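Below is one structure; the comments refer to it alone.
Readers should treat all values here as calculations from the given coordinates under stated rules, not as data from a laboratory. Everything numeric here is computed off the predicted structure, so don't read it as measured data. Ideal geometry is used to build each Cβ from the backbone, glycine not excepted, and the neighbour counts take in all protein chains shown.
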Amino acid sequence: MNKAITDGLQLMPPPFANGLDVWSSQDGTPGSDTYQNAANAAFVPADQDFGGCLELSKIDTVQKLRWMGETPILPGCYLMIRARVKAVSGNLPSVRIAGWAGGAGGAHVAGLAETGPSVALTTYGEVMEVRAIVGTGTRTGVDMPWGTQPVFGHFGLDLTGPNGGVVRIDDIEIEDVTHYFHRKMLDWVDVKDFGALGDGVSDDSAAFEAADAAAAGRDVLVPAGTYFLGDHVTFENRVRFEGTLVMPDDKRLLLTRNFELDQYVDAFGDEKLALKKALQALFNYTDHDALDLSGRRIQLDGPIDVQAAVANKTTFEVRRTIRNGQIDAVAGPGWTVAPVTSQATYATSAPKTLSNVVNVANVEVGALVSGNGVGREVYVTARNVGAQTLTLSRELHDAVGTQTFTFTRFRYALDFSGFVKLSKLTLDNVEFLLNGVGSGVLLPPDGQLMHIRDCFFTRPKDRAITSHGIGCQGMLVDRCRFLSDEQAARAQDRSTIALNANKNDVKLRDNMASRFAHFAILGGTGNVISGNHFFQGDNETNGLRTAGLILSAKNMRTTITGNYVDNCFIEINNEHDSDPGFAAELSFGGLVVQGNVFMASNTADWFTWVVVKPYGAGHFLHGLSITGNSFRSVNGSVTRAESVDTTYATLDFGRMRNVVVEGNSFNGVADAFQSPVSLEHQESSDAQIWTVDFARHMPFGGFARNVTAIVPVGPITAGGSGQVHTMPHATPRAGAGQNQVQITWDQPCRGKVMVTARVDNPT
């Protein structure tokens, strides 16, 4: 900055050759005495050292010389006043730069330093330079710090010491030297001032660290250029990047004061690389618990292996958050999915292991396993090439022996599978714009308390969120939006899945999923599923529907509350059980289904919303509560709301216990299920045995197993006139389907009764 140039200010006094009438022997104020025609002052036109100069005899204790012009004093502007002086004869005085501070209206501003350092003249003819700096700020190097009250000054010099000496003075100069103070005045230091070359080859790491150490709270500026950093660099001050960096993959850039993606994009000039480097820093203690994506759209032409980006950690269990941005998958070879087929052997003695795997090295960890007897969402958790084994996320229900399996490794925008264990990671307000190109998030193989909230998963090619191990323990998925890439496909033709989990205590809350093959497949227990809307309809008349929510743990200890189950169903099964038949274990139960809205439209009449599908014989319901729900079918009715899928086996209805189905409403449903259920039975002619049919109402087609009440409605009569006062006895499980109740009286009679029956034993 130079005010004489930028603002056109007149700073330089006129030369003495122009006359001495503007040079005062006092303070330089208007009306003060000048050296024009003074006896002790004369202009010398041809001095051998100065050319034209002023010759001045010292006759006063302080011989003053002041330019009467008003030199402006501006905030932030620093002026240097200097003069060259030599002694000619007589006593040798001392010389100093001096001034007079003028305020508004021309008044003197008192109490300020108005003189600079004094220089003694010791030799005749020796040219000495005196100088001083005046400015508004109190800074090192400023001789006359005047603050902001003065608005101008009259500047020149003083001769002090003994009188009688004669000196010659060259023209006095005043110049703007504000640039001297840039290092202190501006809020940055430049890495190039500390030795950085920015040639893309020389290692500038030490220069960067030195600049950061010198910044002391100011920003560090990385000017234009390409800077190679061969080692880790940590900035304790804010950094501004005009140039870009090149670093080895395993070296970290830690920005502790402006840790956000924008800064890494500025630093590396490439969004994908910037995200990798920012993730590397996130897991390496930048004093930040969150990486802010700065609201940016980050285009990825392939997945990010997060552990490979971090490089130096395989286990991390300190809370971290990635938030506020969009990850945009763009087509590229990195998203290619290439299924691998391989022969392998399965045995129930090692229910999560495939052995003797041919070409095991070709099978990737995280690959989906498919084959005969393999349930949905079974993944490869680990691989042992030497032993030719694969560890699976789930058991296989009917795959004993040797067969050819298919292993399909989907490609995920954020792939955490390289970690051994990762816990307490939150994805917050991130949109995964997957465009039918890639999948969303692959969780780590182990860990807990992953939290995915307020995120969008738009058009995943295969999966939105996948767990291939137990990294889903305690996972929370809140207020997320899942939009399928298969919107136009028939329900039965879709293959994409929003999410799965293998471990316990998963919470799915207030999410919305549209037109996937399945919304969620949960293999653990202790789940809370509330406030979600999952829709899986299509545009077909009498269309097929698929399961929206699949629970594959038999005794699941799960609540399903306040959801909108829209054109799909809840499936309860044991497809991840290597010994799927019942054998002295807990069977299907521990489930509360309460206060949900079940909706269907344009479906076949055999569609049902709650399906139990045993993969082996002998199973039963034990601890099931379905209460306060609304079941409605439009554009066509359905026969029932619930059913048993007997593809592999049916239920043992004789062992049902603690099944409560009540308080539900039904519209467009022919047979409303309920237990306990009360039916009114009218017998119009005398009969000793009355048969009450509960088949339409027993849940899941179960037995009328217990009778809890028989209440006459009006008189029971015999022979057309006499009343019967004896109590009948009941025989449950009557009829071929064991879903009738027989009421036996001590004599033939007629009348009306209310009979209450249950599908279960209450305990």
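For the chain, what's the relative contact order in percent, using C-alpha pairs closer than 8 Å and at least 6 residues apart?
6
What share of all Cα pairs of segment 3-183, in percent, falls into each consecutive 5 Å distance bin?
Histogramming segment 3-183 at 5 Å steps yields 1, 9, 18, 22, 20, 15, 10, 5, 1, 0 percent.
Which links in 192/276; 424/503; 313/352; 424/554; 421/461 stretch past 19 Å when you go from one Cα to the other?
Correct reply: 192/276; 313/352; 424/554; 421/461.
Over the alpha carbons of segment 184-316, what is the largest minus smallest coordinate on each principal axis, giving the biggest first in Å?
43, 30, 28
Could you sort the peptides 420-431, 514-525 by per-residue average Cβ neighbour count (10 Å cutoff), highest mean leading?
514-525, 420-431
Find the Rg to Rh ratio for segment 242-295, where Rh is the Kirkwood radius over alpha-carbon pairs and Rg uses the same atoms.
Reported Rg/Rh, Kirkwood definition of Rh: 0.91.
Which peptide among 445-453, 33-41 comes first, and what is the full order, when sorted by highest mean count of other Cβ atoms within 10 Å?
Ranked by mean Cβ neighbours within 10 Å, highest first: 445-453, 33-41.
Evaluate the Kirkwood expression for the hydrodynamic radius of the chain, namely the inverse of the mean inverse distance over all pairs of different C-alpha atoms, and round to one decimal in Å.
33.7
Out of all DSSP beta bridges in the chain, what portion is antiparallel? Express it as a percent rounded to 5.
Antiparallel bridges make up about 45 percent of those DSSP assigns within the chain.
Rounded to the nearest Å, what's the spacing between the alpha carbon centres of segment 700-763 and segment 579-641? Just the number, please.
What the calculation gives is 28 Å, centre to centre.
On a straight-distance basis, which lysines could pair with residue 58 in a cross-link, Cα separation under 25 angstrom, same-chain partners fewer than 8 positions away excluded?
Those lysines meeting the cut-off are 86.
For segment 498-671, what is the relative contact order in percent, using Cα pairs closer than 8 Å and at least 6 residues apart in sequence?
18
Is there a quick way to get the dipole size of segment 3-183? I mean about its Cα centre, with the Cβ of Lys and Arg at +1 and of Asp and Glu at -1; what is the value in debye to the nearest 20?
I would put it at about 380 debye.
What Kirkwood radius, in Å to one decimal, follows from the Cα pairs of segment 644-763?
Roughly 15.2 Å, rounded to one decimal.
If the viscosity is 1.002 mPa s and the temperature 20 °C, what translational diffusion coefficient in µm²/s does Stokes-Einstein give for segment 441-508 when Rh comes from Kirkwood over Cα pairs?
171
Tell me the mean residue ellipticity at 222 nm calculated for the chain from its helices only (DSSP H runs of n ≥ 4, each -39500 (n - 2.57), averaged over every residue, nearest 500).
-1500 deg cm²/dmol
If you average the alpha carbon positions of segment 491-507 and of segment 123-167, how far apart do those two centres end up, in angstrom?
82
Compute the relative contact order of segment 438-496 as a whole-number percentage, counting only Cα pairs closer than 8 Å that sit 6 or more residues apart in sequence.
Across segment 438-496, relative contact order equals 41 percent.
Across segment 449-578, how large is the tail of the calculated P(r) beyond 27 Å, expressed as a percent of all Cα pairs?
11
Taking one equal scatterer on every alpha-carbon of segment 498-671, how large is log10 of I(q)/I(0) by Debye at q = 0.08, 0.10, 0.15, 0.18 1/Å?
Those come out to -0.22, -0.34, -0.81, -1.19, one per q.
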